1. Applying a 10 Å radius around every beta-carbon, put 324-337, 537-550, 5-18 in order of their mean neighbour count, most first.
2. For the Cα atoms of the chain, what angle does the longest principal axis make with the long axis of helix 449-464, in degrees from 0 to 90, nearest 10?
3. Find the relative contact order for the range 269-658 and round it to a whole percent, using C-alpha pairs within less than 8 Å whose residues are 6+ positions apart.
4. Please give the length that would be gained between residue 530 and residue 186 if that part of the chain were fully extended, namely 0.36 nm times their separation in residues minus their C-alpha to C-alpha distance (nm, one decimal).
5. Taking the Cα atoms only, what angle lies between the long axis of helix 601-613 and the longest principal axis of the chain, rounded to 10 degrees?
6. Principal axis lengths of the range 28-262 from Cα atoms, whole Å, largest first?
7. How far apart, in nanometres, would the label points at residue 125 and residue 103 be if each is projected 7 angstrom from Cα along the Cα-to-Cβ direction?
8. How far apart, in nm, are two points set 7 Å out from the Cα along the Cα-to-Cβ line at residue 568 and at residue 77?
C-alpha cells in the first residue's frame, strides 16, 4: 500500500465510526492465490495485491474494473454484485453483476504468480472491458516507467528489480498511462478520481508512473486480462509467455479446470460437504492462502502496512505459526486431511530460522525467514523484558508433536529441540516460572499465565516424544517444576489464575482469554503425570469463570472479548470488542476440558461458542472468513481472514468429531463429515 493510496482511503473514510481511515481493508470480498501471490478480489470489482510478504513482490496497489457500452464506461463499483463466492472447494472467485438487465459473469484466479480476470457477457451486449490498474513495483509509486507492447497486448510497469505486467487476450483498444496524484492532488480535501481519461498531458506523463488505463475489446462475448509479477525477468520471454497465457485463460472451462487442480491440501475433500456450510474446507483454504512456499504463514493480510494503527500483520509470528502448525497436525491425525507436506515444510522452516541460542525471534519475513521489523528482540540485542518467550515454547510443542507423529523425523528434529530446550531453561527463573517478558497480545510485560502454559505444554510434549532418554527425563522434570509453580499465580478471591504477576510482583487478576491455553497444557501433562483433584477443580473454576466473565452478547454478535480492560481499536464503542481467536480458544479449551475430565457440560459450552464461528454464526463472514475482531454492532474489523482462529476452528471441529460430540444445535447443519 503506497502512501498515495493510504491518503486516498483516508479522505474517503475519515469520520466513519467503525472504520480506521488509511487502511486497506479486506472485510468483504475474497482472496485468490494459494502459492506466493495473494490477490484480493473486492465485491466492487477491484483487485489488490497482498503478496509482498509471501514473495517480495508488490504488484497491484489499486484498481478499478468496469465495462464500456453505449459509448460510456460503467464501473463495477457503481453496480451491486448479484453474487460472489468461491467455486466449490477451489480458490477461484466467481462474481456476477447485473447491468440493467445484462448479467456479467466474472472469474478471478491467481495461479503460478499470475492473476487472471475472465469476464463473460451475452455476445454483443458489451463492447469492451474497462481496466484501471495502479502497479507499485518495489513498493513505490514514483520513479517508475512503463513499456507498452501494443502489438502483443502487453504493458510492463517497472522500477528496478520488480517488473509488473498486464496482458489482454484480445489486445487493447485503448491503453494509456495515467499521471499519479501530484502534490496538490495529495493535499486536496477530496480524493482524485481514476482513471482520468485517455489523455496524459505532457508527452512523458503516460510513461513515468504505475497507473495504467486500458480498454479491452470483448470477442465472442468474453474479455480476459492477466497480470504477472516478475523479478529481473527476461522481457521478451515474459511477453511471449503472457500472450500465450492470456489466450489460454480466455475460456471459463479452462479457468475452472486449473482452479480445480490447484487447491493446496492433498486431502480427499470429497469426504466433506462442498458448499456454503463447509468450515473445514474454508479453514484449509484460508491457511493455504496465507502460506508461503517455504512453510511459513503471514498472520493475516497486511491491512495496515504504514503502522498507522498497528504494528502490521504481514509477517510470520512463531507463536501464531507454530500454534497453527500444531492444530493442523492434530486435525490431520483426526480427519486424515493429507497435510504431510505442510507439516514437513513447517518443521524445516522452524529448523532454518532457529537462532544460535535455541530461541526463535519476534517475527520474520515469511518468504525467506529473515528478521522482520519488530519490537520484541531483546534476545538478539541483550537481556530485557522485550522478548516473547511463549513463541519459542510454541515452536517446541509443535516440533515434539511432529516428531512423535512419525519417528522417522526424530533424527532431524532432536538437535533443534535440544537447542530449544536449552533456551527454555535459560528463560525459566529459579521459582519455576518463565522470566518477565512480553505477553501473547504484545501489549504488556510481566510473568504471564499464558507463558507458563506454553512452557508446560512444550516441556510435556518433549517429555512424551521419542527423543533420547536424557532429553525426555530433563523435560519431564522441568514440566513438574512449572506445573507446581503455577500455584503462585492462583487468585483465591476470583478462583482463577491471574493474567500475570506484574513487575512489582503483584498479581493482575483480570480475566484473559490467552490463559485458556492452560487447558491444552494440562491435557498434555496428564499423559505423563497425574492431575490431582485440587488441580482439576482449579482448572474447572478458571475455565468456567473465564468463559463466563469474557462473554459478550449483543443483538448482533456473541463471543468472547480478549481480556478485561482491552482498549485496543475500540473506536467510539468505548468497551472491549469480541475477538474470534478468543472465542475459538474458548471453544477449543472447553472441548479439551470435557475430554480430559469427562464432563459433558463443557462439550455444550464448546458447541455454543463454535456455532458463532461457523458459516451461519455471527462472527463468520459470508466468505467463510473469520476477522480478527468484531464491533458490538456486528461490524468486522482488523486482519481478515486471520489464520490463528481458522486453525482453532478446524482443530475444535476435528476434536469434537473424534470424540463423537460434534452434533448439536446449530452445528450439524453446517458441518458434515
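1. Highest-to-lowest ranking by the protection proxy: 324-337, 537-550, 5-18.
2. Approximately 80 degrees, to the nearest 10.
3. Working: 749 pairs, mean separation 63.2, N = 390.
So the answer I get is 16 percent.
4. Numbers: separation 344, 0.36 × 344 = 123.84 nm, distance 6.56 nm.
Between residue 530 and residue 186, full extension yields an extra 117.3 nm.
5. Once rounded, the angle reads 20 degrees.
6. 43, 37, 35
7. 0.8 nm
8. According to this spin-label approximation, the distance is 3.0 nm.
The numbers here are math on the coordinates, done by the rules we state, and not lab data. Here the structure is a predicted model, which is why all the values come from computation and not from measurement. Using ideal geometry, Cβ is built from the backbone for each residue, glycine included, and neighbour counts are taken over all protein chains shown.
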